[in-house]
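To start, the structure itself, in structure tokens.
The values are calculated or read from the model by the stated rules, or taken from the named source; none is laboratory data. Keep in mind the model is a prediction, meaning the values are calculated, not measured. Positions of Cβ are backbone-derived with ideal geometry, glycine not excepted, and every protein chain shown enters the neighbour counts. Ligands, DNA and RNA are excluded from the accessible area calculation, which covers all protein heavy atoms including side chains. Shrake-Rupley method; radii C 1.70, N 1.55, O 1.52, S 1.80 Å.
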Amino acid sequence: MANSPSGDSMTERIVRVLETFTAERSMQSASEIGRRAGLPSSTAHRMVDELVDAGLLERDEDRRVHLGMRLWELALRGSTALRLRQAALPHMEQVQADIGEHTQLAVMEQDEALFLERLSHPDAGANITRVAGRLPLHASSSGLVLLAHAPAAVRERVLAGPLRALAPETVTDPARLRRLLADVRRAGVVVAPGSVEAVSTGVAVPIRDAGEVIAALSVVLPRETAPDAAIAALRAAATGTEAALRVDRR
């Protein structure tokens, strides 16, 4: 891809354009996209027109722009995330039915926990995560599982910080976090009270494929709820998901 005068490639500029869309900001004008992506107005308008022509963006009658269905279609083709979600979903539904709280599936992506799926009960407690949302690896139960089993280079990069606190009990001390990650690897589960929100406890276990941890399965419990039943349900769901992944590989 050709570079712009500023040195960034066309691919980098397209990614910056797409990243301006969030769950809270799903519709934008081309000018707003350009400003948020750090692009000259003429460049932003030209790129938006081209992305609309390709179906990656769509424009409404007021010329406001949103992500296109074509982008969703391409993202799902041959997606490892889709394979994982399909394997996990029946078992997540069982956890959600048994525990009655938020049940989540996350993977590690660019040193963050990316949530692929979330099932919720109308009476479930507080939870800030959403599908396609992200949390820091050190600050969520899913992230702690993923970080504990990540390559050493990734762990050291995250431990080098900065380690931002999402709640008063988020572990931000590198030495304490290192000990916690060792405990997670040894126990195969993490219970993280107050790490994301003071009123909640995150509980998570790893999901393995061909011996490698590829995801974390978690529930978010009210702070006063004992985690034992959730741990048992999550471990059963992880075992079921891993079996489904083995069948899918055949």
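Using a Gaussian network model of the chain with C-alpha springs under 10 Å, which one of Glu58, Glu156, Glu24 is most mobile by mean-square fluctuation? The residue with the greatest mean-square fluctuation here is Glu24.
In the range 180-250, the portion of solvent-accessible area held by carbon and sulfur atoms comes to 55 percent [1.4 Å probe, whole percent, DNA, RNA and ligands not counted]. Quick one: check the C-alpha center-to-center distance for the range 131-210 versus the range 1-70, whole angstrom. One Cα centre to the other: 34 Å. Once the chain from Val131 to Asp183 is taken as fully extended at 0.36 nm per residue, the excess over their C-alpha distance is 15.9 nm.
Here r is the Cβ-Cβ distance between Ala210 and Glu50 and R0 is 51 Å; the resulting FRET efficiency, rounded to 0.05, is 0.80. Size descriptors for the range 152-245, from the alpha-carbon set: Rg then Dmax equal 14.2, 38 Å.
How long is the gain from Glu156 to Arg223 if the chain were fully straight, where each residue apart is worth 0.36 nm and the alpha carbon distance is subtracted? Walk me through the numbers before you get to the answer.
Numbers: separation 67, 0.36 × 67 = 24.12 nm, distance 3.01 nm.
Result for the pair: 21.1 nm of gain on full extension.
Phi angles across the range 143-160 convert, under the Karplus curve 6.51 cos²θ - 1.76 cosθ + 1.60 with θ = phi - 60°, into 3J(HN,Hα) values of x, 5, 4, 5, 5, 4, 9, 6, x, 4, 5, 5, 4, 5, 5, 5, 4, 6 Hz, Gly and Pro given as x. Net length available on complete extension from His66 to Thr80 is 2.5 nm, with 0.36 nm assigned per residue and the Cα-Cα distance removed. I need to check one value: relative contact order of the range 116-222, counting alpha carbon pairs closer than 8 Å and at least 6 residues apart, in percent. Relative CO of the range 116-222 lands at 28 percent. Among Gly211, Ala244, His102, which residue has its Cα furthest toward the positive end of the charge dipole of the chain, with +1 on Lys/Arg Cβ and -1 on Asp/Glu Cβ? Toward the positive end, the furthest listed residue is Gly211.
Surface exposure of the chain, expressed per residue as accessible area with a 1.4 Å probe, stands at 52 Å².
Treating the Cα atoms of the chain as identical point scatterers in vacuum, please give the log10 of the normalised Debye intensity I(q)/I(0) at q = 0.11 Å⁻¹, two decimals. After summing over all Cα pairs, the log10 values are -0.68. Sorted largest first, the spans of the alpha carbon positions of the range 1-102 along the three principal axes are 55, 31, 22 Å. In a reduced charge model with +1 at each Lys and Arg Cβ and -1 at each Asp and Glu Cβ, the chain shows a dipole moment near 640 debye about its Cα centre.
Taking the accessible area of the range 52-117, probe 1.4 Å, and keeping the other protein chains in place, the carbon and sulfur fraction comes to 50%. Size descriptors for the range 38-87 (Cα atoms only): Rg and Dmax, in that order, 14.3, 45 Å.
Suppose R0 equals 45 Å. What FRET efficiency, 1/(1 + (r/R0)^6) with r the Cβ-Cβ distance, do Glu58 and Gln94 give to the nearest 0.05? Efficiency computed from Cβ-Cβ geometry: 0.75. Here each label is just a point 7 Å from Cα along the line to Cβ, and for Glu169 and Ser26 those points are 3.4 nm apart. In the context of the full protein assembly, Met69 retains an accessible surface of approximately 120 Å², using a probe radius of 1.4 Å and ignoring ligands and nucleic acids.
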